[in-house]
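The values are calculated or read from the model by the stated rules, or taken from the named source; none is laboratory data. Please read all numbers here as calculations on a predicted model, not as lab measurements. Positions of Cβ are generated from backbone atoms using ideal geometry, with glycine treated the same way; all protein chains shown enter the neighbour counts.
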Amino acid sequence: MSTRLLCQLAMAGVLLALAPAAAAQTATSPQCQTLHTYVSVLKPDGHALTTLTAADFEAETGGKPAQVTAAALHVPEHRVFVLLDHSGSMSGDRWNVAVALARDLDHMLPAKMPIGIYWFDTGLHQLVPLTRDHNYVDRELKTFLLTGPAPGSRTQILDAVDQVLKAVPTHHAGDIVYVLTDGEDNHSIENFGEVAKALAASSTRLFAGELQYGEPGEFRPEDLRQTELRRSAEKSGGSFFKLGQDIYQFDEEQFQLARRANFAMFESMVGDYELSLISGVPIAKPEKLKLHVHPRSAITDKIKMVYPEAILPSCP
């Protein structure tokens, strides 16, 4: 056997021996343990806490401690898609309140933050395409309230959310879908599980405001849908509010309560941190995420943290 052939066989043996080690190194590469997520930390008054650093956060992924390496207060680059329920059950003051809250949100958004407006009943309809012209958005909302068709027909909340996600050609992590509704979905084909998967896959956060009120202890068929809407919002890293008064009996006090809830939504949308984490062990699938604010941050007030329930690895 020639010397050249012996060398080739020896080299092949070395490569075969190294292959498992290389595969193991790839599996435990820090790049496959790198994680990113968004979190908002809200004070009791609804304002976002904006003075935290990476050292103020503690994290767990898949039940194991994770290191928070960076916490950047996010420059408002998210896009907001507002979905207004225009079904028959939204007639009267509910519709007026929904449009008023959308206008308030438009006024509060930073100038560089784009917003798009849709309305839905048994179909999804675009009122204003994504734009940074907030004055134009306000004019269109005001005109639609005064001269647009009256709310009517049935409701497909889930299908509307799904169609908006599919209509966006590219997704930006941290984008926002904000639904203002009475929660009575009675026409959707999609289910909450599929919509939750679509939100997670696009790193889009769902926010929802429920303009509905029931008497204590009263159960209505739509309550289950409302609970699922809330869970979908919280699971995606968004938030949810429900008015504590029946806005068929609308008055100025109740409107101010709705505006305060809407303001807390706004703070959570734009006052968020982008966290970078290194998980304690490699992960290859969505894992449960837990975040805490470290006691040494000297925060004594009761705070609310809004972030996704699961996190994906940032593997190549």
Between a first residue in the stretch 142-153 that is within 21 Å of residue 104 (Cα to Cα) and a second residue that is outside any helix (DSSP H, G or I) and of a type outside the set (Gly, Ala, Ser), which pairs have beta carbons less than 7 Å apart while being 6 or more apart in sequence or on different chains?
144/127; 151/86
Picking from 136, 178, which residue would you name as being at negative phi, among the hydroxyl-bearing types (Ser, Thr, Tyr) and crowded, with 22+ Cβ neighbours inside 10 Å?
178
Given the criterion outside any helix (DSSP H, G or I), among the aliphatic types (A, V, I, L, M) and at pLDDT 85 or above, identify the matching residue among 200, 208, 173, 264.
208
Conditions (1) modelled with pLDDT of 80 or more; (2) within 28 Å of residue 72 (Cβ to Cβ); (3) in contact with an Asp or Glu (Cβ under 6 Å, 6 or more places away or on another chain); number of the one not met by residue 294:
(1)
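Suppose the filter is surrounded by fewer than 19 Cβ atoms within 10 Å (Cβ to Cβ), assigned by TED's automatic domain parsing to the domain that holds residue 208, closer than 30 Å to residue 313 by Cβ and among the aliphatic types (A, V, I, L, M); does residue 150 pass it?
Working: surrounded by fewer than 19 Cβ atoms within 10 Å (Cβ to Cβ): yes; assigned by TED's automatic domain parsing to the domain that holds residue 208: yes; closer than 30 Å to residue 313 by Cβ: no; among the aliphatic types (A, V, I, L, M): yes.
For residue 150, the condition - surrounded by fewer than 19 Cβ atoms within 10 Å (Cβ to Cβ), assigned by TED's automatic domain parsing to the domain that holds residue 208, closer than 30 Å to residue 313 by Cβ and among the aliphatic types (A, V, I, L, M) - is not met.
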